[in-house]
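For reference, the structure is listed below as structure tokens.
The values are calculated or read from the model by the stated rules, or taken from the named source; none is laboratory data. Keep in mind the model is a prediction, meaning the values are calculated, not measured. Cβ: placed from backbone, ideal geometry, glycine included. Neighbour counts: every protein chain shown.
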Amino acid sequence: MSDKLSEKRKIKSAKKMRDIMTTYYLDAMTAGQNNKQIAWITSGGPVEPLVAMDIIPIYPENHGAMIGASKMGEDLCIKAEDMGYSSDLCSYARADISCSVVKGGPIGGLPEPDMLICCNNICGTVLKWYEVQARFYNVPLFILDTPICHTRYSPEIAKYVQAQIDEYIAFLEKVTKRKFNYEKMAEVGRLAFEAQLLWQKVLNTTAHKPSPMSAFDAFFFLALIVTLRGTKIAVDFYKELLGEMEQRIKDGISMVPNEKYRLLWDNLPVWYQLKWLSQKFSDHNACLVADTYTSAWCGAIQYTNKDNFIGSIAEAYTRIYLNIGVDQMAGQVLDMIKFYNADGLVMHSNRSCKPYSFGQMDIMKIVREKTNLPVLMIEADMVDPRNFSQSQVETRIDAFMEIIKQKND
């Protein structure tokens with residue numbers, strides 16, 4: 001591909017997002033000077049009350065992704081193992097725990113927290129991980145427990161989680177010594193709802209053939225819906241990104257030069273191999289048009305009431321992708337295959353993320369039975385490169401793409 005064509009395919013909004021994220025981290029690093037408090041929060045946790053209280057939310061998992069993409073994961077994971085933590089532990093947790101001790105990573109470690117907010121709707125590891133960090137920094141910890149919705153969201157679950165949302169607000173009032181601002185919460189809720197709708201619309205543009213962006217781009221642009229959800233900054237940015245995607249469609253600009261095959265990705269990215277994987281699939285004229293990971297931040301929006309946001313977040317945060325039954329997860333994958341017109345499914349069997357990976361064999365079986373589509377399983381880890389064999393993965397991708405070509409040509 002010529003340099004001119006390569007430049008044309010670049011998404012212009014990328015620079016603006018980098019600038020926004022730089023400002024975000026600079027604000028966090030100088031929070032103390034500006035009399036602001038910092039809360040570390042799990043990626044699936046209800047952030048909107050923090051934004052309403054003018055507390056800066058920081059996401060160790062997002063930082064873990066930055067560590068992986070910067071190829072700094074191996075050293076930090078080894079450091080955690082030297083501290084006594086098992087290599088079987090999530091690599092986000094290992095990297096974060098050791099980062100706090102050595103001030104490592106691409107930004108020299110995260111700013112110290114004033115409080116920790118842990119929600120177990122994504123996994124159980126976060127409970128012990130955040131307990132470790134609460135002891136290390138000697139700060140208060142709030143744990144929000146969301147029962148798994150194997151089949152349905154029952155009245156008992158609703159009552160149980162809503163009571164904890166009330167306790168969460170009381171916790172924030174105690175730590176900040178300020179009354180909760182319900183009026184501001186309503187505005188933050190509307191902005192969060194709007195940002196999620198816009199993010200979904202951005203992801204939906206890849207249903208167009210050829211796709212204006214790939215899942216690898218979505219992995220990058222996901223950052224704002226995680227870190228700045230509930231702010232006007234996120235809403236304004238996703239409006240611009242959506243406009244750029246729509247213009248690319250009008251101009252016939254595709255992310256993969258000769259897109260012929262469309263694939264769906266399951267699980268977290270392999271952060272340290274994004275460029276290689278993107279190029280590998282592109283060489284086969286294949287575009288990963290969607291994934292279950294980036295869509296998770298808008299998947300529960302159907303359960304959110306924008307006019308009663310605080311009263312509906314118990315359900316919305318309980319019914320996210322990783323906190324539902326395998327049959328429901330498979331149903332969502334099937335819906336995505338149909339919507340994006342996928343020719344195959346690529347599943348990342350992620351050594352670190354057990355909740356995401358344990359049900360994959362069942363999902364694979366259901367997808368094959370219902371669609372007869374080829375499915376590829378890649379074994380790796382999201383941050384620790386010691387669990388990735390490039391030659392093995394390359395051989396599997398080549399064989400997988402050969403099956404898809406034979407099936408479609």
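Annotations for the structure displayed:
- Restricting attention to the range 117-136, the residues that are assigned to a strand (DSSP E or B) and surrounded by fewer than 24 Cβ atoms within 10 Å (Cβ to Cβ) total 1.
- Of the residues making up the range 372-400, just one is in contact with a Pro (Cβ under 9 Å, 6 or more places away or on another chain) and either part of a helix (DSSP H, G or I) or β-branched (Val, Ile, Thr) (or both), namely 400.
- Test result for residue 233, outside any helix (DSSP H, G or I) and either of a type in the set (Gly, Ala, Ser) or over 17 Å from the mean Cα position of the chain (by Cα) (or both): no
- The listed residue being in contact with a helix residue (DSSP H, G or I) (Cβ under 6 Å, 6 or more places away or on another chain), more than 25 Å from residue 265 (Cα to Cα) and either outside the structural domain of residue 315 (by TED's automatic domain parsing) or in a helix (DSSP H, G or I) (or both), out of 194, 167: 194
- The single condition from (1) of a type in the set (Phe, Trp, Tyr); (2) farther than 30 Å from residue 343 by Cα; (3) assigned to a helix (DSSP H, G or I) that residue 153 fails is (3).
- Output for the range 251-310, where each listed residue is closer than 30 Å to residue 122 by Cα, in a loop (DSSP other than H, G, I, E, B) and at pLDDT below 95: 298, 299, 300, 304, 305
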